[in-house]
Amino acid sequence: MKGNFCRLKGRHLSVTLLVLTFTTIFLWAWEKNPFVTTLRSAQEQFNFHTSEFVVDTPKGSSFDSLTPNEHVQGRDSNPTRSEESQIPEKEFDASNFTNSVVPETEDGDADRKPSSKIKEFVVDTPKASSFDSLTPNEHVQETDSDPTRSEESKIPEKEFDASNFTNSVVSQTEDGDADRKSSSKIKDCNYSKGRWVADSRRPLYSGFECKQWLSEMWACRLTQRTDFSFEGYRWQPENCKMLEFEKSVFLRRMQDRTIAFIGDSLGRQQFQSLMCMASGGERREDIENVGKEYGLVKARGAIRPDGWAYRFSNTNTTILYYWSASLADLEPLNITDKATDVAMHLDRAPAFMRRFLHRFDVLVLNTGHHWNRGKITANRWVMYVNGKPLKDRKLLEIGNAKNFTVHSVARWLDSQLPSHPRLKAFFRTISPRHFRNGDWNTGGNCDNTTPLTGGSEISQDESSDPVIAAAVKGTNITLLDITALSELRDEGHISRYSVKATTGVNDCLHWCLPGIPDTWNELLIAQV
């Protein structure tokens, strides 16, 4: 009985081994059969990889920077993706996040090392510390793409939750063969980083024809100057696309909107530049003077009004300028005395700005060159803080007083932005002076007429105006950084030329128009 049981067990074991052997041979043959493999799905035959992206926040956000080795993990379209291309998820603290740029290498196949080629993309996020949503105007921009490309890169509006940022991703696919994988590096778009390039289509308007808006003293075409090569250049940002300025497109974009410049005479130059650009430098009868709506009328005995405001009636676009050289609120101590001292409230934004802020859609602030002891004394400005004359000796120092005022104005403006959701606020950095061999009153000059003798490129990431940059950091105010790129253009100043051919006078502070302020406006328009 026992022997029969063993023989039966042996036969069952033999049958089992035969079945296993047959099954193995059959599966091996199935794998090797070319016809059979065509029956498998594409997902089973190939392993597709999507690029991983790290989304940069804009400059001036309230977040601190990530270290270079910190990554934000993207969502992978293939759950079977190889581990080499995966980025380990790290702890993410929204309160400590700002402009981080993380290089991403290409995924390679099994027999190949990852490619070192890195493409640069720009994700333009809202300049708001809350990051509630992305607007329809935000772009993903690729530096090595076709320069004529425009609308394809727009990202549709969607909800954006910074607290769950590690799970968010911007995906980008590319056409290519089976061995080619997409790669990317997100980099913040820095409009102030780039180079000057020759452009035969410049200037954007005629210095002869824009007499309706352009002050004679700044229209270098009306002076004895004979070299105008400085007009033939445009600024090309390194990682950003700027569409060519077109006045009709600009006015349509700004329909029913008001653009306000508040600042010193360099702000006035930027205002006049934009008026010439928007009008094409031609006399226009459809532009209405609306200065009275803003109280911008010439007072009795004054040389000029405190500002100007004009409206393009076809699009209801208003462009205005208000003179506030220091951005401090100025209040005469005795309004009946023309020679009275003026309280210079360092901790209070100009009354004009406080009164009309609700009417602005774009606001551009600037200050800088009036912050010197000579100007303050000549204007009879007396520094005040908390409604009282300033006694703090340290704060009375010009540099400290300027810094205090700029930060005060920026903080106040930032606090008002939630109540004015339409308003886009900018703080322009200081325009450089180019006096050589002295100052404006000691024989200084800027006689160079050859463009770009000091170089044509700006490669630095940080601003050359640390005061303004620090003031807007952590706010929703955008830094309009023009200092370094303007520093390269010393040949573009008024210099010794004037309409009346006055000898011994050199203006190495203000610019010829058309000229460098046109570029400031192109950078402004690109970021509105």
Checklist line | Where the range 422-462 is the region considered: accessible area per residue in Å², 1.4 Å probe | finding: 54 Å²
Check: So who's got an amide H within less than 5 Å of the one on G194, skipping anything under 5 residues away but keeping other chains? H placed 1.01 Å off N, in plane.
Finding: E238, I458
Checklist line | Shape category assigned to the range 236-374 from the gyration tensor of Cα positions, a/c cut at 1.5 | finding: prolate
Next item on the list: Using packing as a proxy for protection, rank 201-207, 485-491 so that the peptide with the highest average count of other Cβ atoms within 10 Å comes first.
Entry: 485-491, 201-207
Note to self: Checking the table K298/K375; K211/K292; K292/K424; K338/K424 against a 28 Å threshold on Cα-Cα, which pairs fail?
What the structure shows: K338/K424
Next item on the list: Averaging sequence separations of C-alpha pairs under 8 Å and six or more residues apart, then dividing by the length of the range 412-528, give the relative contact order as a whole percent.
Entry: 32 percent
Next item on the list: Provide the per-residue ³J(HN,Hα) series for the range 277-291, in order, calculated from phi with Karplus coefficients 6.51, -1.76, 1.60 and θ = phi - 60°, each as a whole number of Hz, with x at glycine and proline positions.
Entry: 5, 6, 8, x, x, 10, 5, 10, 8, 8, 9, 9, 7, 10, x
Margin query: Classify the range 392-528 from the C-alpha gyration tensor, please: rounded if a/c falls under 1.5, else prolate or oblate depending on whether a/b exceeds b/c.
Written below: prolate
Notebook entry, point to check: Mind ordering 455-463, 363-371 by average Cβ neighbours within 10 Å, highest first?
Noted result: 363-371, 455-463
Margin query: On a 1.4 Å probe surface of the protein chains, which of L243, L17, L296 comes out largest in accessible area, and what is the full order?
Written below: L243, L17, L296
Next item on the list: Working from the alpha-carbon coordinates of the range 459-528, get Rg over Rh, Rh being the Kirkwood radius.
Entry: 1.08
Next item on the list: Just order 440-449, 316-325 by mean Cβ neighbour count inside 10 Å, highest at the front, would you?
Entry: 316-325, 440-449
Margin query: Please compute the length gained on full extension between N441 and S313, using 0.36 nm multiplied by the number of residues separating them and subtracting their Cα-Cα distance.
Written below: 41.7 nm
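The values are calculated or read from the model by the stated rules, or taken from the named source; none is laboratory data. Keep in mind it's a predicted model, so treat the numbers as computed, not measured. Note that we place each Cβ from the backbone using ideal geometry, even for glycine, and neighbour counts take in every protein chain shown. Each accessible area value is taken on the protein alone, full model and side chains, heavy atoms only, with ligands, DNA and RNA left out. Shrake-Rupley method; radii C 1.70, N 1.55, O 1.52, S 1.80 Å.
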